[in-house]
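The next block holds one structure in the form of structure tokens; read it before the comments.
The values are calculated or read from the model by the stated rules, or taken from the named source; none is laboratory data. This is a predicted model, so every value here is computed, not measured. Backbone-built Cβ (ideal geometry, glycine too); neighbour counts: all protein chains shown.
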């Protein structure tokens, strides 16, 4: 209940979630030696690529590279605002 | 607690008629963290004492040469004659550098040298020393210095398993992840994690990462969680590890950690309950299930 009131009043991310989100990025950079600039450039490329088909909320883009067993996986989450209607698929 | 049972299982008569451990080779663990000040030395003292309270033969080694502290945490600083460097340089016999614990039998400490530096010992010397200790002790616990330089390399050289200690903070977790990577490179199996100084109130408010957040970030298995407890400071003041205090919740956490290392499957401490005044009182009179759940 107190959490709910806090949330309603602040509408701010809980600090533990901020810590967790920051660590996800920090650990990826430490583990595979990817710089923050490179991550940012990758984010921008993903947004540019997606923008041809959908309108996305750029600030919502989250990216995480993590180890899953033997391989590295990249997981990206982004909020879709709308689908671009003018896009005409080429007939196959 | 189970001194007689466990020794009955583990001992058998040897040639000279004396009792000797059936498992001739003891297990060695390094207790490490990367970051300083997260509670490695306290963890080593408590896990070592906890195992000895279970009737195990344990030796704890302080490898923080130049900054020794395990002796004071265990209250043994006045008994030091010889140290780790004296042993590896042959100035004394191994048995002369083994300091007997005051509280529990079958627990010994090899203190670090205070006037030398990390280069006074090599990884090969550590491997030799631990090989000798494994013949006489069931558990060899190596307290690692902070950092990832030579002291760290010395400490992990002779370890076949690792315990990583962290606190629920960004910097400690980052350093723990570095250390986990280095342990992996040294071909030590997946480390066990102790999350130290958890503050239940802050976790509840969303201001401190909980065990799930931390386990999501680090590739480790959980060994135990130790709540932040003023009793730790009191126990360090006295040189008496908190694991000896049957009323302390941190002591209970370390008793369970020692049990898990010893192969017993015990549930994790329920830190959520038992925090309020009422449940604390209930626990004191033995009604609550806060700690034992």
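Some points to look at:
- Unique residue being at pLDDT 95 or above and over 21 Å from the mean Cα position of the chain (by Cα) when the list is B:226, B:203: B:203
Per-residue answers, yes or no, for (1) surrounded by fewer than 17 Cβ atoms within 10 Å (Cβ to Cβ); (2) farther than 27 Å from residue B:101 by Cα:
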{"position": "B:186", "(1), (2)": "yes, yes"}
{"position": "B:193", "(1), (2)": "no, no"}
{"position": "B:209", "(1), (2)": "no, yes"}
{"position": "B:227", "(1), (2)": "no, no"}
{"position": "B:240", "(1), (2)": "no, no"}
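- 2 or more residues within 14 Å of chain A (Cβ to nearest Cβ): qualifying helices (runs of 4 or more DSSP H) within the range B:147-245: B:170-185, B:200-204, B:211-217
- Only a single criterion out of (1) farther than 20 Å from residue B:133 by Cα; (2) within 18 Å of the chain's Cα centre (by Cα); (3) surrounded by fewer than 24 Cβ atoms within 10 Å (Cβ to Cβ) is not satisfied by residue B:42, namely (3).
- Selection of helices (runs of 4 or more DSSP H) fully inside chain A by the criterion of at least 2 residues being within 14 Å of chain B (Cβ to nearest Cβ), modelled with pLDDT of 85 or more and surrounded by 11 or more Cβ atoms within 10 Å (Cβ to Cβ) returns A:15-32.
- Condition broken by residue B:142, with the remaining ones in (1) over 18 Å from residue B:70 (Cα atoms); (2) more than 14 Å from every other protein chain (Cβ to nearest Cβ) satisfied: (1)
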